[in-house]
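Following this message is one structure expressed as structure tokens.
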Amino acid sequence: MDTVCSKLDLTILSFQSKFNHKPCHTYRIHSTKLGICQKWKLKSINSTSSKSVMMMKKKSTEDKTDTSLLESVLKNFVGFAATTTAVFTLCCNSPVLSESLTVAFPVSRASEVNTVQRTLVETWGLIRETFVDPTFNHQDWDSMLQQTMVEMFPLRSADAAYNKISGMLATLGDPFTRIISPKEYQSFRIGSDGNLQGVGLFINTEPSSGHLMVMSCIEGSPADRAGIREGDQIIEIDGEGLDGLDGEAAAQKLRGHVGTTVTVKLHSGELSKNDSSFREVTLPREFIKISPLSSSVILHKTTDGHLAKTGYVKLAAFSQTAAADMENAIQEMEGQGVQSYILDLRNNPGGLVTAGLDVAQIWLDGDETLVNTIDREGNMLPINMVDGHALTRDPLVVLVNEGSASASEILAGALHDNGRATLVGHKTFGKGKIQSVTELHDGSALFITVAKYISPALHDIDQVGINPDVQCTTDMLASPKDPLLKKKSTSSLEADSCIMVAEHELELQESKGSAS
């Protein structure tokens, strides 16, 4: 079960690292056979003999041997027989499937390309065993290895070789299955730990236009100090256009070592050719402490004239500290006599879904289903809490919008479908991809879509999203006139129309609770 738990990633449930294996979270997975639980180990055996035999063996429980791929590869490597040959043996540690693959091919004369050749085989093997589509986008995945081997052999730079791997992955037709460099992966791990070096921007791709938009800025960060705001469109980074880049790729360009700078070209409002509102800002990169959670107590008057306290919690991203931070915030507000809660997931693009599942347990009791996964064989696997104990049972409203994606949607679906919360806002983004992240031998990382997820009530999320119970438009209204409600930390919240709708829904929940 430990292997299953560590490999089943929900964009991103956890990530494998040769340096740091994270402990499993306690969730019950109803499965005895998971193709995605397999872990691969690589060992290389170099041979300089011109008679090196190129072979691919597949040994399974049926002890079958498949040499068709290597026979084809041999034909394409005629003339390379005198070169060094690398032999890689990949061993699967699955408790269900005992399998090994041995792949041999000519080693590039460029040492850095040779390193990427090994990464190619490692990548190909992981995709072969775990990718959500067993047809590999209706193509022969074994022959794809052969083709990429041939294309990579004459290259002279690691960057060019990595591009070949990226090209191979692109044929799968899934933009979320990708490889990132060792440097990019280190940035990813730092960000997931709650710290990064960058400018303090959360960005995402706007679904309808494909534009890269600013979702939010971390308070006090270089981006915040420069006046960059939610809704600004990012046009260029360091003079380079962003066509074809997703939010994560653009975010990697913004990150970098403390003391360096990055220049960002922005546009606010509707884009037009003659618009003079384009602007460029040069931002220093700094250590950014990601505090994904902010909270405050909102004072408001109920319909019967009583003064009520509502705990407001905004979660901007799912880092490893998100659940602990939320638990502390809830306990503090419970001590202040809060009677209801608003959880704001608007413009939260996701992150570590283990954090999302942990947050769900703060609000839910028992052995509730948090999310269902569907693997490459079409098997549905519920992920349940184990003996959950909610910190509070006070009424709860969750705010969502088109920027709420991935882990945000899992959390919103878990709270809604288990009858714990009312959803208010706009339909969510609709990213229902389950991904594993595996650190490869060279420090790069492979993101693989291994399954999809659906909500506890079996609502499909991928490319569909979650519709809220109550729609609202985030308009900023006039500040409250009652001096009791004029509090610096909450005045902007009181002017948010969706907050007002949420407060009304909380009153309805409280009245129903009183009636029952």
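Part of a loop (DSSP other than H, G, I, E, B), of a type in the set (A, V, I, L, M, F, W, C) and modelled with pLDDT of 95 or more: is that true of L172 in this structure?
So L172 fits the description; yes.
Can you work out which of the residues in segment 227-241 that are open to solvent by 40 Å² or more (accessible area, probe 1.4 Å) and assigned to a loop (DSSP other than H, G, I, E, B) is modelled with the lowest pLDDT?
Selected residue: E230.
State yes or no: is S157 within 26 Å of P284 (Cβ to Cβ), open to solvent by 20 Å² or more (accessible area, probe 1.4 Å) and not assigned by the TED database to the domain that holds L266? Steps first, please.
Values: within 26 Å of P284 (Cβ to Cβ): no; open to solvent by 20 Å² or more (accessible area, probe 1.4 Å): yes; not assigned by the TED database to the domain that holds L266: yes.
So S157 fails the test.
Among L381, L411, L391, L423, which is the only one that is farther than 24 Å from N328 by Cα and among the aliphatic types (A, V, I, L, M)?
L381
Could you check, for segment 350-368, whether at least one of its residues is farther than 19 Å from R420 by Cβ and open to solvent by 30 Å² or more (accessible area, probe 1.4 Å)?
No, the conditions are met nowhere in segment 350-368.
Shifting gears a bit: Can you pull out the residues in segment 207-220 that are in contact with an Asp or Glu (Cβ under 8 Å, 6 or more places away or on another chain) and of a type outside the set (S, T, N, Q)?
The initial filter retains those residues of segment 207-220 that are in contact with an Asp or Glu (Cβ under 8 Å, 6 or more places away or on another chain), namely 207, 212-218.
Scanning segment 207-220 gives P207, L212, M213, V214, M215, C217, I218.
Filter segment 122-154 down to the residues that are on the phi > 0 side of the Ramachandran plot and open to solvent by less than 10 Å² (accessible area, probe 1.4 Å) and list them by number. Break it down into steps so the answer makes sense when it comes.
Going through segment 122-154, the residues on the phi > 0 side of the Ramachandran plot turn out to be 136-138.
Within segment 122-154, no residue meets the criteria.
Same structure again: Give me a count of the residues in segment 306-349 that are open to solvent by 50 Å² or more (accessible area, probe 1.4 Å) and part of a loop (DSSP other than H, G, I, E, B).
So the answer is 4.
Strands (runs of 3 or more DSSP E) wholly in segment 357-460 with at least 2 residues that are more than 30 Å from Y185 (Cβ to Cβ) - which ones? Can you show your working first?
Values: elements: 369-374, 380-384, 396-400, 422-425, 433-439, 445-454.
Qualifying strands (runs of 3 or more DSSP E): 380-384, 396-400, 422-425.
Across segment 234-252, which residue is nearest to A316 (Cα to Cα) among those that are touching a Gly at 6+ places or on another chain (Cβ under 9 Å) and not small (G, A, S)?
Among them, the one singled out is I235.
So which residues in segment 175-198 are assigned to a loop (DSSP other than H, G, I, E, B), at pLDDT 85 or above and open to solvent by less than 20 Å² (accessible area, probe 1.4 Å), if there are any at all?
Of everything in segment 175-198, just one residue is assigned to a loop (DSSP other than H, G, I, E, B), at pLDDT 85 or above and open to solvent by less than 20 Å² (accessible area, probe 1.4 Å), namely T177.
Only one of (1) open to solvent by less than 40 Å² (accessible area, probe 1.4 Å); (2) of a type outside the set (K, R); (3) within 22 Å of the chain's Cα centre (by Cα) is not met by G244, so which one is it?
Exception for G244: condition (1).
The values are calculated or read from the model by the stated rules, or taken from the named source; none is laboratory data. Note that this is a predicted model, so its numbers are computed, not measured. All Cβ positions, even for glycine, are placed from backbone atoms using ideal geometry, and neighbour counts span all protein chains on display. Just the protein is used for accessible areas: all its heavy atoms, side chains included, with ligands, DNA and RNA removed. Shrake-Rupley method; radii C 1.70, N 1.55, O 1.52, S 1.80 Å.
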